[in-house]
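Contents: one structure, followed by commentary.
The values are calculated or read from the model by the stated rules, or taken from the named source; none is laboratory data. Everything numeric in this text was worked out from a predicted model, so none of it was measured. Note that each Cβ is placed from the backbone with ideal geometry, even for glycine, and that neighbours are counted across all protein chains shown.
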Amino acid sequence: MNKSIKLSALVVAMMLSSGAFAAKSGYATDGALDNVARNAYGECWKDGYFNKEANGLVECGDKEAPKPVAVAPVAPAPAVVSQIKSFTLSAAGLFAFDKTVITSGNAALDGVVAELKGDKYLKSVAIVGHTDYMGAEAYNQKLSERRANAVKDYLVAGGIPAEKITASGAGESQAKMTEQCSKIKARTQRIACLEPDRRFEVTVETAKEVKM
């Protein structure tokens with residue numbers, strides 16, 4: 001037992017004389033590989049200046065290993081997918097019969113403006129005006145164009161960029177109620193019957209976010 005203690009003391013003395021303590025403050029090292037020297041029991045050799053708080057090493061059991069930092073998973077960004085939306089506006093709620101001036105305080109168009117302004121992915125708005133068969137074909141074509149442009153102007157005045165809106169007229173070419181209503185002799189009743197033909201087809205190109 002005394003021989004082991006003397007041998008250990010001799011090893012420490014040799015390490016001290018070779019300056020092996022300089023590499024890792026507070027510990028003796030093997031000098032060549034700069035590893036912390038250990039005694040026969042596997043314990044790290046410490047010098048007289050060792051300070052556990054300042055010099056302690058994890059591998060010597062003098063310091064706690066850092067705990068892994070939990071990283072919160074990052075949710076994937078939603079994909080943006082193109083979308084086409086179409087809806088129909090009745091001219092009856094926008095114009096007086098055979099007129100091209102939009103009635104003031106129009107709730108239907110105000111609702112369209114609000115929806116389009118709230119669409120951050122809005123790409124384009126296409127407005128196509130339609131009329132019934134009553135009147136000359138050329139007249140109806142011009143009427144549908146003027147009305148479509150009046151709707152466009154209303155949307156632009158509400159804050160929708162003009163460059164995103166197109167307006168055109170189809171006249172009476174896509175009238176659907178002609179055969180059904182043309183048999184009605186009373187003009188007022190015939191006009192009322194043809195109301196579905198006096199309309200606007202609005203197509204909106206936009207996009208929506210889809211979670212992946």
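Against the condition more than 30 Å from V125 (Cα to Cα), touching a Lys or Arg at 6+ places or on another chain (Cβ under 9 Å) and exposed (fewer than 15 other Cβ atoms within 10 Å of the Cβ), how does K67 come out, does it pass? No.
May I ask you to say which residue of D132, D119 is surrounded by 13 or more Cβ atoms within 10 Å (Cβ to Cβ), among the acidic types (D, E) and modelled with pLDDT under 95? None of the others qualify; the one that does is D119.
Across the range 152-169, the qualifying residues are those that are in contact with a Gly (Cβ under 8 Å, 6 or more places away or on another chain) and buried (at least 18 other Cβ atoms within 10 Å of the Cβ), and the one among them that is nearest to S104 (Cα to Cα) is A167.
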